[in-house]
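Have a look at the structure below, then the notes.
The values are calculated or read from the model by the stated rules, or taken from the named source; none is laboratory data. Nothing here was measured: the structure is a model prediction, and the numbers come from that model. Cβ sites come from the backbone with ideal geometry, for glycine too, and all protein chains shown count toward neighbours. The area values use the complete protein model at the heavy-atom level, side chains included, leaving out ligands, DNA and RNA. Shrake-Rupley method; radii C 1.70, N 1.55, O 1.52, S 1.80 Å.
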Amino acid sequence: MFQRVIGLCTSPLSLRTVTYCLLACLYWSAVGCQSVPFIRGQSPDDARAIGAEYPEAAVKDVIVDIVVEGNVTIEPGAILAQIKSQRGRPADERIIKEDLRALYATRWFYSVERRYRMSDEGMLLVFRVVERPVVKSVQIKGNEKLRTKTLLKQINIEAGSPFDVSMNKSAARNLEKFYHEKKSHPFAKVTLESGSRPEDRDVIFLVEEGDRVIVSDINFIGNDAFSGALLKTKLKTKTAFFDISLFGGKYDESTIPEDLVALREYYNGLGYFDVQVEKEVDVKENWFHILPKNQWLPRVDARATYTYKLVEGPRYSVRNIEIVGNEIFSEAELREKSELNPGDKFNSRFLNKDVDVMKEKYGKLGRLFAKVEPVPRFLPDRPGEVDLIVRIDEDKPYTIRDIDVHIDAPGGHPHTRETVVLNRVMVAPGELADPFLINRSKSRLRGQIFENAGPTGPRVEITKVEEKKKQTPSRNTQVVRGQDAMLAQRAAPNLLYDNGTSGDPYGGLENPYTQALEGPGEIDLDVAVTEAQTGRLMFGVGVNSNAGVLGQFTLEENNFDITRPPTSWRDIVEGTAWRGNGQKFRLEAMPGQYVSRYMVSWMDPYFLDTDYNFGLSGFFYNRYQPGWTEDRAGGRITLGRQLDRWWSVTGALRLEEVKMYDFQTSTGTLSPRMQEVKGSNFLSTARVSVAHDTRDSGFMPTEGHFAEVAFEQGFGEFMYPRLEVQGTQFWSPYERVDGTGKHILSLHGEANWTDSGTPLFERYFAGGYQSFRGFAYRGVGPLENGVRVGGNAMLLGSLEYSVPVTADDSIRVVGFTDFGTVEDSFDTLSGSSLRLTAGFGFRVAIPIMGPAPLAFDFGFPVMSEPGDHERVFSFTVGWTR
């Protein structure tokens with residue numbers, strides 16, 4: 001029938017012929033012929049024949065099976081594992097194109113072609129491939145000092161992988177680089193014995209390892225101003241520890257230029273502008289070996305000694321400082337409390353601080369693009385002196401029109417809400433563009449939730465809004481932290497120049513003074529961040545003189561979202577459940593020798609997108625106290641706010657079930673105070689505190705202070721008021737000219753009082769590390785029946801001086817005196833009850849063990865009371881992974 005229609009349609013045209021053709025087309029359309037693909041070189045009748053192939057699938061064709069053809073060495077299962085198309089689903093050209101790209105990406109094939117084939121069951125999806133040659137074997141020869149297993153991990157080639165000459169050569173270069181940069185074999189060479197020709201199938205690397213060289217010593221000649229130990233801290237190259245280079249000592253010639261630049265910059269920054277630095281490297285064979293020959297810790301074949309020869313020259317003094325270009329602020333205002341003054345030795349650190357202060361003054365006025373550039377002017381007739389010209393371009397004020405947020409993720413599918421970013425940005429639309437607040441916003445975005453640094457770190461791009469676009473409101477204007485997001489106010493019309501050219505001396509051309517007469521300009525902020533790994537699983541162990549040995553297991557998520565529970569198993573697998581709103585969730589277990597603590601907590605640092613933080617926590621606590629055993633189970637609700645850069649206020653509601661048992665008294669009987677709390681007790685308190693914190697660091701502060709006043713009221717079963725006041729001040733009486741090596745003087749004091757109705761387990765105790773050194777944990781205070789029962793009044797103080805003994809400040813020696821007492825009330829305080837200790841200690845900072853330093857203190861009681869439990873040595877050591 002179809003042939004007859006074709007014959008009619010190809011005969012000489014007539015009205016009857018055309019009519020038949022149209023009717024035939026309508027007929028075949030009705031029975032579905034429109035879905036039959038016409039394949040060049042194939043008759044239409046055979047298009048749907050069993051076994052026929054065609055390049056495109058029909059719209060509703062379902063894939064009944066997927067077939068791979070042309071593969072010789074690669075298993076079909078390995079090929080099918082790369083594709084997303086599935087049996088039993090309609091053919092999807094978009095997915096199939098992705099399958100083709102995935103197969104090409106494996107580099108297994110020269111070509112990949114997809115075809116469709118009809119079978120008795122239905123349509124088959126066929127991938128016809130032409131394989132690349134595959135690697136038959138991979139060998140490494142000549143390696144005696146490094147294990148083959150270690151080297152194979154550095155290359156992406158194995159038996160059965162695609163054979164590619166360019167990949168083989170790249171792998172040889174990677175092995176050579178690994179020897180040079182990671183294993184301190186600077187003369188190693190790696191070549192291809194086999195695998196560099198297209199007809200090869202075995203890949204054989206030939207290694208000439210050469211000597212293993214370490215940097216055993218670094219010497220300085222001509223360094224009169226600074227010690228060699230200090231200069232070593234400025235170098236990228238480090239010396240080896242004995243006969244190994246696990247923690248430094250790797251010989252790498254590429255770091256030599258970097259070290260020379262680092263030394264010159266260090267000297268220049270301190271006023272040694274004429275310094276000259278040369279370097280000599282002496283490599284000698286190592287005749288003495290500590291380690292036996294093996295592949296686990298390869299011994300050293302040669303030792304390199306670096307010698308830096310310096311001609312320091314004079315240290316320049318500042319003769320004069322001149323400020324030009326300033327109109328808004330006077331020179332006296334700009335140089336108020338400046339740290340670098342005429343007559344001082346040049347110090348770039350002090351100069352940079354002064355420049356930052358000047359920029360901050362302009363920044364508070366919104367002069368975002370104001371420039372403060374110090375330029376040295378050397379004086380040929382006055383060697384050793386320099387003038388500083390501070391050039392200022394004040395520019396004009398700017399306000400923020402719009403803040404756009406872009407969130408990226410390593411996998412390309414971010415799940416963090418935009419408000420998480422906006423809450424941490426310290427400026428809002430309509431406000432002045434303060435560069436200090438913009439930069440501080442970047443700092444608040446670093447770490448925990450978003451990547452910290454590098455190309456994926458937080459970025460804030462600033463774009464000036466063109467004049468012609470100012471009248472167009474931004475569609476992305478946000479409401480940030482409860483503030484109304486309003487557009488910046490527009491400048492009032494300039495009657496002198498905005499009413500046409502009449503009376504305009506510039507004839508309508510741009511007036512060079514218009515900028516000074518206009519109102520503030522506008523900018524847009526584009527904040528870009530990349531999501532970081534926000535979940536952590538940590539294991540640790542610690543030991544201190546107060547609590548004995550402690551284990552630690554912590555599960556932490558810093559981008560938690562309590563409103564996003566999983567809706568499917570896929571949400572859990574892909575990590576989108578419970579994540580995305582910047583909240584903090586922490587599950588912690590700390591089983592210990594004398595104390596154990598288990599806690600779960602949740603906190604939103606920007607509750608409901610405001611400046612308030614809100615938190616909930618639940619805990620169980622067990623402690624073998626001196627005299628009894630104490631269990632606590634309960635919860636805490638907190639609400640706080642950071643008022644400004646230094647001030648904060650916090651409120652807390654605490655509910656606890658406290659169980660007291662296993663009392664151990666010297667008389668075998670319990671005092672009324674113990675009898676009152678024996679068994680289960682319910683404690684409920686409300687607390688409010690105000691803190692002022694100007695410290696420059698939370699772990700090792702060197703300047704500033706921390707002060708806090710807190711009031712707490714117990715209600716319910718135990719009703720009592722409590723007042724606590726504490727403060728610590730830090731000073732740096734001495735530091736090196738580069739700002740390192742700071743001596744730290746700290747003074748701490750606290751005065752605490754609680755009412756007589758306070759239960760035994762809430763009274764004050766003193767003694768132990770971080771409380772009162774020279775005495776044991778809870779070793780100071782009133783006694784009843786031989787058991788320490790604490791007091792209602794406590795006064796404590798401490799004076800400590802810390803000095804670094806290493807150039808990198810990693811080890812410090814401290815001298816201290818602690819003083820104070822614990823009594824039943826302030827009425828019973830007297831000079832005779834005062835305790836006093838004096839001692840010394842060490843602080844050791846080991847970055848791999850965490851930010852807090854290891855502490856070892858020896859305290860010797862000078863004044864004590866009968867019954868006090870003295871202890872000379874106190875310490876704390878922790879390790880977290």
Selection from ILE403, GLY384, LEU422 lying farthest towards where the dipole of segment 382-427 points positive, charges on Cβ = LEU422
Exposure rank, largest accessible area first [ARG812, ARG197, ARG871; 1.4 Å] | ARG197, ARG871, ARG812
Evaluate the charge dipole of segment 562-648 about its Cα centre and quote only its size in Debye, nearest 20, assuming +1 on the Cβ of each Lys and Arg and -1 on the Cβ of each Asp and Glu.
-> 120 debye
Once you have the Cα-Cα distance between VAL803 and VAL649, take 0.36 nm times their residue separation minus that, and quote the gain in nm to one decimal.
-> 52.0 nm
Rounded to whole Å², per residue accessible area for segment 779-878 with a 1.4 Å probe reads 44 Å²
Using a basic spin-label model with each label point 7 Å from the Cα along Cα→Cβ, how many nm lie between ARG147 and ILE848?
-> 1.8 nm
A student asked for the Cα radius of gyration and Dmax of segment 739-881 in angstrom ought to give 16.9, 55
Low-density loop positions, chymotrypsin sites (Phe, Trp or Tyr not before Pro), segment 685-737 - DSSP coil, at most 14 other Cβ in 10 Å = PHE699
Cα→Cβ-extended label distance, 7 Å offset, between GLU265 and LEU745, nm = 3.5 nm
Efficiency of FRET from Cβ geometry, ASP344 and ASP526, R₀ 35 Å, rounded to 0.05 | 0.25
For THR694 and VAL62, compute 0.36 nm times the residue count separating them, minus their Cα-Cα distance, and round to one decimal in nm.
-> 220.6 nm
Report in % the part of the accessible area of segment 340-434 that belongs to carbon and sulfur, leaving out ligands and nucleic acids; probe 1.4 Å.
-> 51 percent
Where nothing but the Cβ of Lys and Arg (+1) and of Asp and Glu (-1) is charged, how large is the charge dipole of segment 164-262 around its Cα centre, in debye to the nearest 20?
-> 320 debye
At a Förster radius of 30 Å, what calculated FRET efficiency corresponds to the Cβ-Cβ distance of ASP224 and GLU331, to the nearest 0.05?
-> 0.25
23 Å Cα-Cα threshold exceeded, pairs from LYS177/LYS238; LYS361/LYS464; LYS359/LYS442; LYS364/LYS584 = LYS364/LYS584
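Considering only protein heavy atoms, with the full assembly of protein chains and a 1.4 angstrom probe, order TYR316, TYR116, TYR621 by accessible area, largest first.
So, going from the largest accessible area down, we get TYR621, TYR316, TYR116.
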Tell me, what is the FRET efficiency for ILE95 and GLU574 to the nearest 0.05, using R0 = 22 angstrom and their Cβ-Cβ distance as r?
-> 0.70
Three principal axis lengths of segment 125-209 [C-alpha, angstrom, descending] | 53, 24, 18
Separation in nanometres of the label points that stand 7 Å from Cα toward Cβ, at VAL737 and ILE811 | 2.7 nm
In debye, nearest 20: dipole of segment 317-402 around its Cα centre with unit charges on the Cβ of K, R (+) and D, E (-)?
-> 200 debye
Just round it to a whole percent: the fraction of Cα-Cα distances in segment 515-643 exceeding 25 Å.
-> 48 percent
Considering only the other residues whose Cβ falls under 13 Å of the Cβ of GLY679, what net charge follows from Lys and Arg at +1 and Asp and Glu at -1?
-> -4
Can you give the accessible area of GLU865, probe radius 1.4 Å, in Å² rounded to 10?
-> 60 Å²
Row for segment 56-184, column shape: gyration tensor on C-alpha, a ≥ b ≥ c, rounded if a/c < 1.5 i.e. under 1.5, prolate if a/b over b/c, else oblate; value prolate
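Expected output is a single nm value to one decimal: the length gained when fully extending between LYS238 and VAL543, i.e. 0.36 nm times separation in residues minus the C-alpha distance. What is it? Please report the intermediate quantities before stating the final value.
Numbers: separation 305, 0.36 × 305 = 109.80 nm, distance 3.13 nm.
This chain segment gains 106.7 nm when fully extended.
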Across every pair of different alpha-carbon atoms, what Kirkwood hydrodynamic radius in Å does segment 117-274 reach?
-> 19.5 Å
Would you list which lysines come within 22 Å of LYS234, measuring only between C-alpha atoms, while excluding same-chain residues fewer than 8 positions from it?
-> LYS182, LYS250, LYS279, LYS309, LYS345, LYS353, LYS742
With both partners inside segment 321-452, how many of the DSSP beta bridges are antiparallel, as a percent to the nearest 5?
-> 70 percent
